[in-house]
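Please read the structure below before turning to the comments.
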Amino acid sequence: MNFVSTRGKVNNIGFIETVLMGLANDGGLLVPEKIPQIPAEKLEALSKLTYQELAFEIFSYFVEGEIPENELKELIEKSYSTFRHPEVTPVKKVKDNMFVLELFHGPTFAFKDIALQFLGNLYSYVSKKTGETIHILGATSGDTGASAIEGVRGKEGIRICILHPHGKVSKVQELQMTTIDDQSVLNLAIKGTFDDGQRIIKELFADVDLKNKYHLRAINSINFVRILAQTVYYFYAYFQVAKENEGKNVNFSVPTGNFGDIFAGYLAKKMGLPVGKLIVATNENNILEGFIRDGIYKPGEFQSTYSPSMDIQVASNFERYLYYLLKEDSKAVSELMENFKSEGKIVVNTEQLLQVKKDFAAHGVVGEECLQTISKYYEDTNYLLDPHTACGVAAYEQCNDSHEVCVTLATAHPAKFNESIERCEIKQSFPEQINELFNKPQFLEVIEADKNEVVHQLETLFRFSAN
Ligand SMILES: *Cc1c(COP(=O)(O)O)cnc(C)c1O
């Protein structure tokens, strides 16, 4: 399959090149040239598959022979063998019309493992085939970092550098990233926010000379593989829930930060999966909610919340959606993004706003609503929601009609965010793997949120790897 950039200046590149390019060389994001359409009979056949078999079928539409079938199957098997649940992403019924899709059974207890276990294995596969050293550079609001490091550590030919906002991630997130004693892993704690980190890495990736010189590769959701791997569980969950709820709309409520996870749902829908509403759940950093309400996308002041992995102002995947909203007109996307750079906002017209409202519903959780949702569900159903999932559940309550069913994506395990759970006066017990982290030494460098400092640190890491 061919991929193109949302800004039109990169065309006709294949799947592997898309993975390696990450951010498109023209500063845009890579998308499939044509979204594959899955007919109803095929969907029926897919509904009977295991998670791994389903992943193979979905990936095959995009990989189109670039990886031999048996090797792709092996990559998938290996990636999901590290999960603690045989179904990989089980669906649990919490109450009559509400299900949670548990995406936290991977090594780092957050949904990022689903894509990053696969991407880690894929990078290692490519490195072996080409002999190329892979240097990964990423920014994290907490979960991506841990998950990416876990996905690549110990694999030959790969070095990884992760930027996280100093003091703005949960204790468990910090420990998961920084307790790994490995010379090929570098943790940079920047004095700033996630948005600062994301801006710095986007600038570095946009510098094509630098990117090529260091073989810089992306693990953030600017990389299309992240999106692709995440579409699989929308299919998986839809099939399970639709079977038992015939004739009802199946909606998805998605705790959203960088718009990656919800975009995967949008892609699944575009491929022909008959999902109902896609509900965008945000916290106080509610730029996306504002956009869906008024058609104006305008990042403002960063706010620290109970759900830190969603503390993001500039959602990098939003450009992928804009591309489809503007009917795949890359010139129009480029103009809007130029405008965004100079004026700090994106405004769509009335007709486009109508389409936005057809595509998404939205709810921004504010104040104590997140904690109240955790307490209420713990009391009523004995199910302990993590604070991100709680935002999703609160949005379900606002946006789901009584005759519809809804699947809320449970994006993390509550043990990762005990700071918020404790505020609800709930005592939880930690899984063994998380308990172990508290006694380990930490490895990290605290630096200014400055591009040149990051480059300096990268040079040290890569000099080591050249030996
Ligand atoms: C990353 C993350 C999100 C947000 O996902 P996006 O793809 O950035 O929208 C939500 N919840 C948790 C726990 C996360 O780690």
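Quick notes
- FRET efficiency estimate (nearest 0.05) - Cβ-Cβ, residue 84 to residue 9, R0 41 angstrom: 0.40
- Length gained on full extension, residue 453 to residue 366, computed as 0.36 nm times the residue gap minus the Cα-Cα distance: 27.8 nm.
- Mean shadow area of the range 299-376, taken as a quarter of the surface of its Cα convex hull (nm²): 6.6
- Surface per residue (accessible, 1.4 Å probe) for the chain, Å²: 39
- Based on DSSP H segments of at least four residues, each scored -39500 (n - 2.57), the chain has a per-residue ellipticity at 222 nm of -14000 deg cm²/dmol.
- Virtual spin-label span in nm between residue 128 and residue 294, 7 Å along Cα→Cβ: 5.3
- Counting Lys and Arg as +1 and Asp and Glu as -1 over every other residue whose Cβ lies under 10 Å from the Cβ of residue 16, the net charge comes to -1.
- √(5λ) per eigenvalue of the Cα gyration tensor, the range 208-342, largest first, Å: 27, 19, 17
- Sorting the segments 94-104, 268-278, 58-68 by their mean number of nearby beta carbons within 10 angstrom, highest to lowest, gives 94-104, 268-278, 58-68.
- The simple Förster model, with R0 at 45 Å and r as the Cβ-Cβ distance, assigns residue 432 and residue 343 a FRET efficiency of 0.35.
- Full extension of the chain between residue 206 and residue 49 gives 52.5 nm of extra length, using 0.36 nm per residue less the Cα-Cα distance.
- For the range 140-205, projected area of the alpha-carbon convex hull averaged over all directions, nm²: 4.3
- Pairs from 331/358; 211/357; 112/171; 202/345; 327/357; 112/440 whose Cα-Cα separation, in the structure shown, is over 26 Å: 211/357
- Solvent-accessible area, 1.4 Å probe, carbon plus sulfur percent, for the range 181-265: 41
- Those residues of the range 358-384 whose amide nitrogen sits under 16 Å from the label point placed on residue 425, 7 Å along Cα→Cβ: 371-380
- 12 Å beta-carbon shell around residue 271, net charge (K/R +1, D/E -1): +3
- Dividing the mean sequence gap of close Cα pairs (under 8 Å, 6+ apart) by how many residues the chain holds gives a relative contact order of 19 percent.
- Global form of the chain, assessed from the alpha-carbon gyration tensor, a/c cut-off 1.5: rounded
- Prolate/oblate/rounded label for the range 31-182 (Cα gyration tensor, a/c 1.5): oblate
- Each of residue 156 and residue 270 was given a label point 7 Å from its Cα along the Cα-to-Cβ line. The distance between the two points is 3.9 nm.
- Projection of the Cα convex hull of the range 153-274, averaged over all directions and equal to a quarter of that hull's surface, yields 10.2 nm².
- Distance between the 7 Å Cα→Cβ label points at residue 358 and residue 244: 3.3 nm.
- Residues whose amide H lies under 5 Å from that of residue 277, counting only those 5 or more places away or on a different chain, are 251, 252; hydrogens are built 1.01 Å from N in the peptide plane.
The values are calculated or read from the model by the stated rules, or taken from the named source; none is laboratory data. Nothing here was measured: the structure is a model prediction, and the numbers come from that model. So basically every Cβ, Gly included, is an ideal-geometry build from the backbone, and we count neighbours across all protein chains shown. Note: accessible area is taken over every heavy atom of the protein model, side chains too, but ligands, DNA and RNA are not part of it. Shrake-Rupley method; radii C 1.70, N 1.55, O 1.52, S 1.80 Å.
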